Amino acid sequence: MYYQINGGKKLFGEVEIGGAKNCLLPLIASSVAIDGISEIDKCPPMTDVLNMIELLRRLGAKVEYGENRVQIDSRTINCVQVDENLSKKLRGSVLLLGALLARFKRAVVPLSGGCAIGKRPIDIHISALKRLGVTVEEENEKLYCDATNSKGNYVRLTYPSVGASENLITFASLTKGTTVLDNVAMEPEVVALEKFLVLAGAKISGVGSSRLEICGVEKLNSIFFSPIPDRIETATYLTACLMTQGKITLRNTCPLHVKCLIDLLPFDVVTCCDDCICVQTQRKIESFGKIVTGPYPMFATDMQSLVLSLSTVAMGQTLIFEKVFENRFSNCQELVKMGAKIDLFDDCATIFGVDQLCGADVKCSDLRSGAGLVLAGLNAKGTTRIFDVFHILRGYCDLAKNLNNLGSEIFEIKE
Ligand code: UD1
């Protein structure tokens, strides 16, 4: 399938934000550690979520999914080996490592998977697990891990990796003794996982901070939980409105989680209340000066591709430094085909805003850069065709439909 976008339409109306993909993946993965039933709502059928659900089924979990709600019975899990073919499609499959080890003390996890946005090693996960007494052996692109003799310890992560934090928090929750985790990621999705585990019976103090003290418990219990709203989806619609100069309201979101983006904008463009954001602009946005991506609460790397597209039509020059992943400027050359002016050097993109982009044939190379291209297509004069949209479907449910409800003209064309 590809998207055909007839650009230049202003966006008006309301859009409801769904549960966050990057929250749902660790929640579903950590359900494996629960000796009971986990029920999670606000769970849209994005490809990554469906693949994670399928991974759990292949471990033996009984999973029912429908109407944006998933019910996972992990009591029936009878396998500790993560499916190799499926996990190649999903970087988040590495999150099963901590959960399987926590509950079954053994795990076999294939290496690699997910977006092609950088090297994405898992050395931080492994060295931290080793500090907790886990033995790890690598053979034929698989990790064989054993936690039979694991016990709590002090672990300082060398970098606040989101995935490593999530694996470690889940693992420590069922590991004998006390674990102190330092330099833990503070992304809202990590904090949501901490709350999920606490509700299931984990003993975690310092929730929401970069230092957690976790006393291992014997068992985690059945739970019902709602994920946080998707902050990247929120940022996508917010940016779409800015690129087309309209007026939209985002409902069921959390303004605080997109503060790094809102802080870049003039005060009269965005109005926030508890769980909604109203965006309105009739003029072009000024350029942003300098943006540097980093761990939360710094500017989110997942929003970088979105703001990169916006910068191509902002007035003036913007510098974007990508400090989290090595390969996150792949859409620059596609944007240049659409008339953008971008100089790329190492981890820095210098963008000189133009009046309007123009339609072209472009190709997605990863999830968020794909979304960035959709935004560019909404702004562009004429028709843009975006190929390889399967990348976008990994993390967005109904992106084209929702944008069309706001007034865009996107056709989903089956090839
Ligand atoms: C998660 C998100 C992803 C987001 C990223 C950063 C999910 C499913 N994905 O990815 O959308 O862009 O956080 O906010 O939640 N690193 C190492 N060694 C490790 C682990 C990480 O060197 O063991 C490096 C990575 O290569 C990368 C940086 O640390 O350069 C950040 O990675 P990390 O925070 O782990 O991101 P993910 O959990 O993979």
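Assessment of the range 355-366 against the conditions (in contact (Cβ under 8 Å) with a residue 40 or more places away in the chain and on the phi > 0 side of the Ramachandran plot) yields no matching residue. Checking each residue in the range 317-362 for being within 16 Å of the ligand (Cβ to nearest atom) and touching a helix residue (DSSP H, G or I) at 6+ places or on another chain (Cβ under 7 Å) picks out ILE320, GLU322, VAL324, PHE325, ARG328, SER330, ASN331.
Which residue, of PHE325, PHE329, is assigned by TED's automatic domain parsing to the domain that holds ASP347, more than 18 Å from ARG231 (Cβ to Cβ) and under 19 Å from the mean Cα position of the chain (by Cα)? It is PHE329. Across the range 317-354, the number of residues qualifying as in contact (Cβ under 8 Å) with a residue 60 or more places away in the chain, under 17 Å from ALA371 (Cβ atoms) and among the charged types (D, E, K, R) comes to 1.
When PHE224, PHE267, PHE288 are screened for being farther than 26 Å from PRO26 by Cβ and open to solvent by 30 Å² or more (accessible area, probe 1.4 Å), only PHE267 passes. Cβ-Cβ contacts under 6 Å between residues 6 or more apart (or on different chains), taken from a first residue in the range 162-175 that is closer than 13 Å to LEU212 by Cα to a second residue that is assigned to a helix (DSSP H, G or I) and polar (S, T, N, Q), are listed as THR170/SER30. Listed by position, the strands (runs of 3 or more DSSP E) inside the range 318-415 whose residues that are under 25 Å from CYS43 (Cα atoms) and open to solvent by less than 10 Å² (accessible area, probe 1.4 Å) number at least 2 form an empty set.
Residue-by-condition table, conditions (1) farther than 28 Å from SER365 by Cα; (2) within 15 Å of the ligand (Cβ to nearest atom); (3) small (Gly, Ala, Ser):
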| residue | (1), (2), (3) |
| --- | --- |
| PRO26 | no, yes, no |
| MET46 | no, yes, no |
| SER74 | yes, no, yes |
| PHE104 | yes, no, no |
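Only residues that are within 12 Å of the ligand (Cβ to nearest atom) and in a helix (DSSP H, G or I) were counted in the range 298-316, giving 5. For the range 193-211, a residue qualifies if it is buried (at least 22 other Cβ atoms within 10 Å of the Cβ) and touching a strand residue (DSSP E or B) at 6+ places or on another chain (Cβ under 9 Å), and the qualifying residues are GLU194, PHE196, LEU197, ALA200, ALA202. Annotation note: of ILE223, ILE214, ILE248, the sole residue that is in contact with a strand residue (DSSP E or B) (Cβ under 7 Å, 6 or more places away or on another chain), at pLDDT 95 or above and within 19 Å of LYS10 (Cα to Cα) is ILE248.
Yes/no per residue for (1) within 17 Å of ILE223 (Cβ to Cβ); (2) surrounded by fewer than 17 Cβ atoms within 10 Å (Cβ to Cβ):
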residue: GLY36; (1), (2): yes, yes
residue: LEU59; (1), (2): no, no
residue: VAL63; (1), (2): yes, no
residue: ILE77; (1), (2): yes, no
residue: VAL82; (1), (2): no, no
residue: LEU97; (1), (2): no, no
residue: LEU101; (1), (2): no, no
residue: LYS105; (1), (2): no, no
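The values are calculated or read from the model by the stated rules, or taken from the named source; none is laboratory data. Bear in mind the structure is a predicted one, so any value in this text is a computation, not a measurement. A quick note on method: Cβ atoms are made from the backbone with ideal geometry, for glycine too, and the neighbour counts reach across all protein chains shown. In case anyone asks, the SASA skips ligands and DNA or RNA and just uses the protein heavy atoms, side chains included. Shrake-Rupley method; radii C 1.70, N 1.55, O 1.52, S 1.80 Å.
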